[in-house]
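Here the structure comes first, spelled out in structure tokens, and everything after it is commentary.
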Amino acid sequence: MKVVIYRVGQNQYATPVESIQSIERMLPIRPVPGAAAHVLGVANLRGSVIAVSDLRKVLNVEEQAFTPESRLLISNGNGYVVDEALDIADCADDAWEHVGEQKVWQRGDQLIVWEDLQA
């Protein structure tokens with residue numbers, strides 16, 4: 001399977017390529033009053049309004065300002081802010097190991113955590 005590998009904080013995560021419609025530079029985000037804590041607001045992506053969530057908040061990673069490397073992963077019509085998009089890689093299904101409730105992949109010296117953005 002092919003996965004998109006990205007960084008949030010100090011950790012690397014992977015999501016199947018099929019779940020990602022595009023990877024975008026940051027867009028202007030408008031706050032939405034009363035939205036869940038992880039929802040930063042909405043953005044206009046080529047004429048479509050998308051909800052934008054901060055994966056740092058979803059994954060309980062310390063908040064940090066966006067950088068020029070910050071990206072939006074577009075999945076299922078929603079945007080997810082990540083610190084950096086790193087790679088698209090091939091990974092065998094049996095390379096993933098279950099550790100507690102997480103699926104992880106040892107790729108060289110990196111430990112990559114499975115993140116299902118569809119859930």
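The table that follows gives values for the structure above.
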{"read-out": "Loop chymotrypsin sites (Phe, Trp or Tyr not before Pro), region 70-119, which have at most 12 other Cβ atoms in a 10 Å radius of their Cβ (DSSP)", "value": "none"}
{"read-out": "Theoretical gain in end-to-end length, residue 11 to residue 30 [0.36 nm per residue, Cα-Cα removed]", "value": "4.1 nm"}
{"read-out": "Student exercise, the chain dipole from Lys, Arg, Asp, Glu Cβ charges, in Debye to nearest 20", "value": "560"}
{"read-out": "For the chain, alpha-carbon Rg relative to the globular expectation (2.2 N^0.38 Å, N residues)", "value": "1.06"}
{"read-out": "Residue-wise HN-Hα coupling along region 102-113, computed from phi with Karplus coefficients 6.51, -1.76, 1.60 (Hz; x: Gly, Pro)", "value": "9, 9, 10, 10, 8, 10, x, 9, 9, 9, 10, 9"}
{"read-out": "Mean Cα-pair separation over length for the chain, i.e. relative contact order, pairs under 8 Å, 6 or more apart, %", "value": "32"}
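Taken together, the values in this text are just the output of simple stated rules run on the coordinates, not laboratory data. What you see is a predicted model; the values in this text were computed from it and never measured. A quick note on method: Cβ atoms are made from the backbone with ideal geometry, for glycine too, and the neighbour counts reach across all protein chains shown.
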